[in-house]
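Written below as structure tokens is the structure these notes are about.
Taken together, the values in this text are just the output of simple stated rules run on the coordinates, not laboratory data. As the structure is a prediction and not an experimental result, all values here were calculated from the model. Neighbour counts run over all protein chains shown; Cβ positions are idealised from the backbone, glycine included.
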Amino acid sequence: MQLTAQGPIALVGTLDTKGGEVRFLKERLDSMDLKTLVIDVGIAGVPLFEADVRREEIAVRGGSSIEALIAGKDRGSAVVFMQSGLSNWMLESFGPLHISGVLGIGGSAGTSIAATAMRQLPLGIPKLIVSTSASGDTRPHVGTSDIIMFPSVADLAGLNRITRTILANAANAIAGMCCLPPAPAVDGERPCLGATMFGVTTPCVTRVRELVEEAGYTLLVFSANGVGGRVMEQLVRDHMIEGVIDITTTELADELGGGILSAGPDRLEQAGRSGIPQVISVGALDMVNFGPMDTVPEKFRSRTLYRHNSAVTLMRTTSSENAILGRQIAEKANFSNGPVTIVLPLKGVSAIDCPGQPFHDPDADGALFEAIRTNINSKVKLVEVDAHINDPAFAARLVAEYLEIKEKKTNDVA
């Protein structure tokens with residue numbers, strides 16, 4: 001099969017320490033008649049060969065010079081400058097050069113530089129890194145992007161039977177992603193909405209998905225596991241989602257309580273900044289997530305804990321914590337540049353927050369609801385539903401409220 005790519009495949013590596021491996025990748029892609037663009041991000045010795053984009057240019061775009069970085073003898077600082085430089089280069093040059101995809105290689109430093117820049121690129125652009133770090137915790141590198149981490153197995157310290165095999169597979173993989181037909185669109189021109197879900201809010205989200213699809217939308221569902229919330233907000237920022245039904249805002253509780261599934265302090269803000277229609281609820285704000293029971297911090301051992309499974313322990317949020325969470329939600333909604341409605345399920349916020357379940361605590365829920373009532377401003381619509389979050393009637397109300405604010409915004413624009 002003849003492979004054809006729209007533009008060159010960018011190869012990112014440190015040509016002073018990984019020059020042989022980068023050249024091997026280039027030769028593999030050259031043998032497929034694919035164009036390449038070699039980008040050097042080395043910060044130590046002499047490059048093995050001259051790159052298409054030299055390290056001097058990357059350093060300048062990062063706010064320094066390669067001479068200064070080498071003279072400074074501070075590898076950590078130099079990596080930061082090269083991360084910034086490559087990110088700026090990608091943002092400014094990726095589109096104009098019609099680059100088809102990016103293949104990077106590296107140890108911890110090279111991986112960090114390549115991954116930081118790749119995260120600036122839109123979802124769907126092929127991004128692959130052959131890395132010594134790929135078999136560990138890849139979250140710092142991947143973040144909310146669709147970067148593929150490809151384990152190098154052996155260290156990238158010369159070509160041998162192992163590294164040649166791995167690098168050849170990586171070259172074949174990036175060639176296939178850049179040249180073979182993408183998945184056909186099946187949603188047509190249906191607009192996409194975003195929603196968040198946890199196991200304890202699945203019945204609600206499932207019904208919401210059915211209803212919004214009946215209304216002509218596609219619902220993209222994101223697990224509220226720390227990464228999912230950030231991914232949804234990134235897609236909002238990239239204009240790939242036109243509205244949000246943010247059912248499961250539990251990541252805020254992990255941020256407040258020190259749980260393992262926080263999405264950071266900026267969660268629940270991007271939709272407001274973008275001005276898109278937004279419906280917010282309080283799904284799973286009755287819990288903070290920890291790992292196995294023995295990982296729960298000692299200071300919380302006397303709290304109401306629930307063993308969700310062998311790997312996850314849930315801690316019930318208190319009235320005081322819920323009052324803080326309610327105020328945070330109200331304040332984030334208040335600053336929205338677009339229409340926003342908050343919908344409260346007065347009979348419980350998760351599958352284990354109802355009569356007979358371990359997290360049933362009307363006082364704690366009441367503190368959450370009251371804090372929202374007290375702190376929202378006149379721009380925010382508040383709807384209170386006398387139902388549990390997983391009742392079909394609550395899902396129907398969420399969708400009805402979204403369709404109402406969407407229609408109002410459309411009429412206002414018209």
Let me spell out the model: positive unit charges on the Cβ of Lys and Arg, negative unit charges on the Cβ of Asp and Glu, origin at the Cα centre of the chain. What dipole size does that give, in debye rounded to 20? 600 debye
Residues whose modelled amide H sits under 5 Å from the amide H of F150, counting only those 5 or more places away in sequence or on another chain, are I129, V130, S131
Label-point separation, S108 to E242 (7 Å along Cα→Cβ), nm: 4.6 nm
With a cut-off of 8 Å between alpha carbons and a minimum separation of six or more residues, what is the relative contact order of segment 331-414 in percent? 40 percent
Filtered pair list for segment 9-179 (Lys only, Cα < 19 Å, 8 or more apart or interchain) has a length of 5
Helix 202-214 versus the longest principal axis of the chain: what angle, 0 to 90°, nearest 10, using Cα atoms? 80 degrees
A chain fully extended from S93 to T318 at 0.36 nm per residue, minus the present Cα-Cα distance, gains in nm 76.0 nm
How big is the gap, in Å, between the Cα center of segment 275-350 and the Cα center of segment 87-126? 35 Å
Give me the distance between the Cα centres of segment 25-42 and segment 177-234, rounded to whole Å. 36 Å
Return the loop-located GluC sites (Glu not before Pro) in segment 25-100 (DSSP other than H, G, I, E, B) with at most 16 other Cβ atoms within 10 Å of their own Cβ; answer none if there are none. E50
Where a Cα-Cα gap under 20 Å defines reach, which aspartates and glutamates qualify for K408, not counting those fewer than 8 residues away within the same chain? E213, E214, E242, D246
Length-normalised contact order for the chain - Cα pairs under 8 Å, 6+ apart - percent: 11 percent
Excluding residues fewer than 8 places away in the same chain, name every one of the aspartates and glutamates whose C-alpha is closer than 17 Å to that of K347. D286, D361, D363, D365, E370, E384, D386, D391
With r as the distance between the Cβ atoms of K73 and A215 and R0 = 51 Å, compute the FRET efficiency 1/(1 + (r/R0)^6) and round to 0.05. 0.25
Using a Cα-Cα cut-off of under 22 Å, which lysines could be cross-linked to K406, ignoring same-chain neighbours fewer than 8 residues away? K332, K379, K381
Spin-label model distance (nm) - D137 vs K408, 7 Å beyond Cα toward Cβ: 4.3 nm
When the Karplus curve 6.51 cos²θ - 1.76 cosθ + 1.60 is applied with θ = phi - 60°, which whole-Hz ³J(HN,Hα) does each residue of segment 191-196 get, with x for Gly and Pro? x, 9, 10, x, 9, 10
Tell me, in nm to one decimal, what length is gained between T202 and R373 on full extension, where the rule is 0.36 nm per residue of separation less the Cα-Cα distance? 59.0 nm
Among T341, L25, S320, pick out the residue whose Cα is farthest towards the positive end of the charge dipole of the chain, where Lys and Arg carry +1 and Asp and Glu carry -1 on C-beta, about the Cα centre. L25
Taking Cα atoms, the helix 362-375 axis meets the longest principal axis of the chain at an angle in degrees (rounded to 10) of 80 degrees
